[in-house]
Amino acid sequence: MVILLAGLAPARAETRIALVVGNSDYQHAPKLSNPRNDANDMTEKLKALGFEVIGGTDLDRRSLVEALIKFGRAAEAADVAVFFYAGHGLQVNGQNYLVPVDGQVEYEAEVDISLVSLSGVLQQLERGSKTNIVFLDACRNNPFEEKLAKSSNRSAMSMARGLGRVQTGVGTFIAFATEPDNVAADGAGRNSPFTSALLRHINQPAQSISDMMISVRNDVLAETGGKQRPWDSSSLTDRFAFAPGAAGETKEQAQNGGGASAALEKEAYEQAVEVGSCGAYEAFERRYPDSFYAELAKERAKAACAAPETEQVASAPEVSRSVPEPKKSGVCEDGPFEVTYCASSVLPSSKTNFYEPSMMFDGNRATAWVEGEDGDGIDETVTLHFGRERSLVGFEIINGYDKDQRIWSANSRVRELEASTGDGQVQVITLKDVRGASRFDFDAPVDTSWLQLKVNSVYPGTKYKDTAISELYPIFAD
């Protein structure tokens, strides 16, 4: 028997993209010793944490703009986007600017065409990614301050030390090497004090970015004798850790398990245990066959697969007629193993929450398909098209919006499903009103090219009428 389950969260690996820039070799401004090293070291660290890294060192304006465009396009499809910049930065009239290595400014009117605005960087960063993170090790003295002061009318232009405060968009975290309107040290060692502390703490397992910044801030304060205090501004909507995993994982465990990779395997195994279904364990084994946890998952799978919970309140009579496959209608998305999921309706997305059919096969119980019709979703359907005739044993489902107990209770859950297949069978299945995975088998495998589930009744939500299904997978015998 093959259980069609699109792995847990790591099966659909989190897409991470980063733009890393370190400018040291300035042509018209004081050269800096550390940014090139800062960028190279940060690049290696982020790659080890699963990021695709673009950018480079000593970028002129053209190269920096080209890298930003490439980064912005990649961010549209990313889950996490990070921008790290080390080099000269300045603020003019309340706007922050990054300085390319060929940047030259003698008049205020040249600022926008010679430098790169931080607001432009943020626009590229926030093109689609859910979590956006900015590290700015650029709070040094304004390299053009003297020239600008001589050539500009002070009443028309406002200059301040360092970089200014930034209003972050939803889902964005910005960290500065020091507080607004102050300057940071380049550092006497290989790295600046800020980047050095960041490199030390960024790969701590399960450490949230907020906790990480507390450690970074304390290190920098200690190294600079309290003169430099890193500052951050956050509008993140979810907890984020650069290195997922158990906070108590030992150094030896991390080395034996491959660092961040081992942390991901551990997190995936814990999610499989939380779901507790046959399909969840088998999905983990397929995803991580060589993992330390693979044998544990195999043993748990034996018990979970041996006695699946099957609930059918009505058995279908024997039929010999063939029922035409429903047309693909509503909102359809291609799932794993050549199965197409079609939902009769979808609730419109809200901010960073999406409710399309793909939420039913992303391996993440914290997301869900949610129907979009008025009322409780009665008669709404989910149809799975297999592309060819398959031997269908049954299906596995996580009912409701199973992100947490509060969200699960607030939204409606399916009470009674009507399951139809291509051989004419129609079975009515009652789901228990409990969180977690349930499996439902037909009396015998059904030869069919499709499965349609129709909502007959629901358990009403305490706050919303919208009916949700977190995960849904067909189970095949072939």
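The values are calculated or read from the model by the stated rules, or taken from the named source; none is laboratory data. No experiment lies behind these values; they were computed from the predicted model shown. When we count neighbours, we look across all protein chains shown, and the Cβ atoms used for this are built from the backbone with ideal geometry, even at glycine.
Brief remarks follow.
- Any chance ASP447 is in the same structural domain as ALA368 (by TED's automatic domain parsing), part of a strand (DSSP E or B), of a type in the set (D, E, K, R) and under 18 Å from THR340 (Cα atoms): yes
- On the stretch given as segment 402-417, residues that are assigned to a helix (DSSP H, G or I) and over 23 Å from the mean Cα position of the chain (by Cα) total 2.
- Every test in (1) outside any strand (DSSP E or B); (2) at pLDDT 90 or above is passed by LYS432 save one, and that test is (2).
- Strands (runs of 3 or more DSSP E) contained entirely in segment 31-143, each with at least 1 residues that are buried (at least 22 other Cβ atoms within 10 Å of the Cβ) and touching a Cys at 6+ places or on another chain (Cβ under 9 Å): 89-92
- Residue match in segment 405-426 (condition: polar (S, T, N, Q) and free of Cβ contacts under 8 Å to residues at least 40 places away in the same chain): yes
- Filtering ASN364, ASN399 for residues that are touching a residue at least 40 places away in the same chain (Cβ under 8 Å), under 27 Å from TYR281 (Cβ atoms) and in a strand (DSSP E or B) leaves a single hit, ASN399.
- Residue check, GLY424 of a type in the set (Gly, Ala, Ser), in a loop (DSSP other than H, G, I, E, B), surrounded by fewer than 22 Cβ atoms within 10 Å (Cβ to Cβ) and over 28 Å from the mean Cα position of the chain (by Cα): yes
- Entry remark, segment 387-413: residues being over 19 Å from ASP362 (Cβ atoms) and of a type in the set (A, V, I, L, M, F, W, C) number 3 in total.
- Sole exception among (1) farther than 16 Å from ILE174 by Cα; (2) at pLDDT 85 or above for ALA222, by number: (2)
- ALA197 vs. criteria over 19 Å from GLY50 (Cβ atoms), surrounded by 15 or more Cβ atoms within 10 Å (Cβ to Cβ), at pLDDT 85 or above and hydrophobic (A, V, I, L, M, F, W, C): yes
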